[in-house]
1. Would you check which residues across the range 283-298 are assigned to a helix (DSSP H, G or I) and of a type in the set (G, A, S) and list them?
2. Which of the residues spanning the range 329-374 are charged (D, E, K, R), touching a residue at least 60 places away in the same chain (Cβ under 8 Å) and outside any helix (DSSP H, G or I)?
3. Which ones in the range 260-290 are buried (at least 20 other Cβ atoms within 10 Å of the Cβ) and β-branched (V, I, T)?
4. Just give me the residues in the range 396-409 being in contact (Cβ under 8 Å) with a residue 12 or more places away in the chain and open to solvent by 30 Å² or more (accessible area, probe 1.4 Å), in sequence order.
5. Do any helices (runs of 4 or more DSSP H) entirely within the range 203-282 hold 1 or more residues that are more than 28 Å from S94 (Cα to Cα), and if so, which?
6. Within the range 90-98, does at least one residue satisfy the condition of being modelled with pLDDT under 50 and surrounded by 14 or more Cβ atoms within 10 Å (Cβ to Cβ)?
7. Looking at (1) assigned to a helix (DSSP H, G or I); (2) touching a residue at least 12 places away in the same chain (Cβ under 8 Å); (3) farther than 17 Å from N366 by Cβ, which is the one condition that is false for R301?
8. Give me the pairs: first residue in the range 157-185 and under 25 Å from E247 (Cβ atoms) and at pLDDT 90 or above, second residue β-branched (V, I, T) and open to solvent by 80 Å² or more (accessible area, probe 1.4 Å), beta-carbon distance under 8 Å, and six or more apart or on different chains, which are they?
Amino acid sequence: MFAGRGAAFALLAAVLAGGCATQTARDDGRDARDSADEAPTPVAPPSPIDWRFADAGIRFAGDTTAVRLNAVEQLREDRYRLTIEPEATPINPSPWYGFEVHADQPKTISLIFDYKTAPHRYWPKISRDQGRTWERADDDAVEEVDGNLHLRLDLDERSTMVFAQPPLGPNDVDRWISEHPARTPLHTASAGRSIQGRPIPQVTFGTQRRGAPLLIIVARQHPPETTSALAMMQFVDTLLAEDELAERFRNRVRTLVFPMANPDGVVLGNWRGNARGIDLNRDWGEFTQPETRAIRDAIARALATARPLLAVDFHSTRTNVLYTISDDPALASGELLGDWLDELMKIDEGRLDDKAFAPVTPVFKNWIFKEYGVPAVTYEVSDALVPAEIERIATEAAEALMRLVVGEPQLPGKAGRAAATITTAR
């Protein structure tokens, strides 16, 4: 599974599992706490973690990608309250955490995760070998009390890492890109730089014919959403497969991918925003941030020599759901997007939710639809989806899209329609 990827990604995929995901704001921008009209108040980012409790022989530490732990209070020798705060307020309640615990000798401690005003979302993932392998915390070791997580943690002589999800950072994405087989040419570049100077990678593959249809893929606007990162990577891997269907698709379509839109937020362990605490998926209008401006400009350059086919923005939330645009004519039967959504419903065996909204909020899908007439969808992956299902659904979703584009029938048992119309900009 996930052949050809870096070790960090394969190990992450091996353990991403369900958790106590709670109601979260939707990516249609309708959550009052995440209003585009209310500017967030930045909160100082956490420094490298180093809290020592010498009498108890316990140390909380961490200086790796995606660490977040703002304060630790010892309540008694074996019980600690962990304060985990967002990078800005107000904010979508997606409390990310990540840290290491060291013990002088084997013991069991209890941890209370205090998110202040946000409810618990991510079930703990634990590694005892410096992030090489991960496991989901046992059910009987976890309790949710008044919206906060209580975790019983067994410690030994090894360092124990506790994260909301196994971290998947910019280096892992770079490794994933670099390890693709050379048979399919990938044109890699940096769309621009983040606030802290990190590159915003872009990958282009497929036909370079002028006027070719362009598929646009964006991921990781929101740092904690690693299940959607896995889905995006598997989706792109399928488009890059060395088989007849993928080769026919690439001969007809050019694909432009932005796999890490918010590298600063990922590295800082942010809940939602970039290094300034700004939610990038509420900035597709004013373009106040360098990350959204860089991707906007890269898309404009690409569309100077191509015509828009479809835009897919990958995110994670509590369930598998697709957000579309209510007045998009491409949702009709016989159109590419409409027919593809029909196939996605079959692939997810009736569990996939589909919600359409008017394009009134400054999110990516609304901007690209209004600016270029591109049929667009926000592809939300459940926090709780296990890796095998992420792989299956993303693979079948990509294959269904390719069949529709090249006019090939769907697989037996998944009744398809005639080849969909590929719409151009309106």
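1. Our first condition is that a residue be assigned to a helix (DSSP H, G or I); within the range 283-298, this holds for 290-298.
Within the range 283-298, A294, A298 meet the criteria.
2. Taking the range 329-374 and keeping what is charged (D, E, K, R), we get 335, 339, 342-343, 346, 348-349, 351, 353-355, 365, 370-371.
Next cut, touching a residue at least 60 places away in the same chain (Cβ under 8 Å) only: 335, 339, 342-343, 346, 355.
Scanning the range 329-374 gives E335, K355.
3. V266, V267, I278
4. Taking the range 396-409 and keeping what is in contact (Cβ under 8 Å) with a residue 12 or more places away in the chain, we get 396-408.
Listed by number, the residues that qualify are E396, E399, G407, E408.
5. Details: elements: 226-239, 244-252, 263-268.
Hits in the range 203-282: 226-239, 244-252.
6. Step one: list which residues in the range 90-98 are modelled with pLDDT under 50, which gives none.
No, there is no match, as no residue in the range 90-98 is modelled with pLDDT under 50 and surrounded by 14 or more Cβ atoms within 10 Å (Cβ to Cβ).
7. (2)
8. I177/T188
The values are calculated or read from the model by the stated rules, or taken from the named source; none is laboratory data. For clarity, every value in this text was computed on a predicted model and none was experimentally measured. Reconstructed Cβ throughout: ideal geometry from the backbone, glycine too, with neighbour counts over all protein chains shown. These area figures cover heavy atoms from the full protein model, side chains too; ligands, DNA and RNA do not enter into them. Shrake-Rupley method; radii C 1.70, N 1.55, O 1.52, S 1.80 Å.
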